[in-house]
Amino acid sequence: MSINMSSVRGKSWVFQVTALCIVLGMLLALSLKTQRQAANDGVPNRMPALRAAFSASKQENLRLRKELADFKQRNEDMARQQAAGLSSAKSLEQTLNESKMLAGTVAVRGAGIVVTLHDSPKLDPSETRADVIENYVVHDSDIRAIVDELFASGAEAISVNDQRLIANSSVRCVGPVVLVNSVQVAPPYLITAIGKSNVLDKALTLPGGVADALFLLDMIEVRRQSDLLVPAYAGSTRFSVAHPVLPGKRQK
């Protein structure tokens, strides 16, 4: 059998491509083998290092968040303590001011009434009988009766001719003069009372009340006012015999 040499020569490229594919396959296999060997021999892999860095950053972020939360909590605690201290101080200051007002050691102002007491204009100028004249003259008992009625009706502060009345105040006659807090006062007597003006007014104008006879003789006038000033007590507030009873302590 004879071989056609021209046919073989025309297909020589097939052998060349085949040989080239074989060579490329061998090179590819050698490359894969080299990569596996390099990995086994300790060529560094960056992925584990990146994972470690990410984990460390995550832990640091959690730590910072916890620290921030702790700072916020401490700030809130300090704010509450400060607010409680301010509230306590305000409460103490309010109690102290109320105690001063109750003791009469501080001037106060507010709405109330002004009561004016004066001798009666209905007295006959020709009248000479002392027992009759006394009925037309303001006495210390009249002042005390008006003051007691005002306090009983809710007056919070009272003064007589600018003399503040407190727990140990006195209104009394000494001869022809009236002493309030041991200070001489003269008519007309101005009684200034701070409180609910409508209640205080009605208490004095009540028919048959303590001021009824004074109204009949035109010896009293009552005026409501929206802004009154009652001065502080000007006398001594020291105690030489009395002493406070403190809770929780045995008294001798």
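Please treat every number below as a calculation from the coordinates, not as lab data. Owing to the predicted nature of the structure, the values given are computational and were not obtained by experimental measurement. Here the Cβ is made from the backbone with ideal geometry for all residues, glycine too, and neighbour counts use every protein chain on show.
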Once you list every other residue whose beta carbon is under 13 Å from the beta carbon of ALA232, what net charge do they have if Lys and Arg are +1 and Asp and Glu are -1? +2
Report the calculated FRET efficiency for GLU60 and SER91 (r = Cβ-Cβ distance, R0 = 45 Å), to the nearest 0.05. 0.45
LEU123 to THR237: extension gain in nm, 0.36 nm per residue of separation minus the Cα-Cα distance? 36.9 nm
Extending each Cα 7 Å along its Cβ direction at VAL183 and ARG224, get the distance between those two points in nm, one decimal. 3.0 nm
List the residues, sorted by chain then number, that are 5 or more residues from GLN225 or on another chain and whose placed amide H is less than 5 Å from its amide H. GLY112, ILE113, VAL114
Given the Cα-Cα distance of ALA103 and ASP131 and 0.36 nm per residue of separation, how much length would full extension add, in nm? 6.2 nm
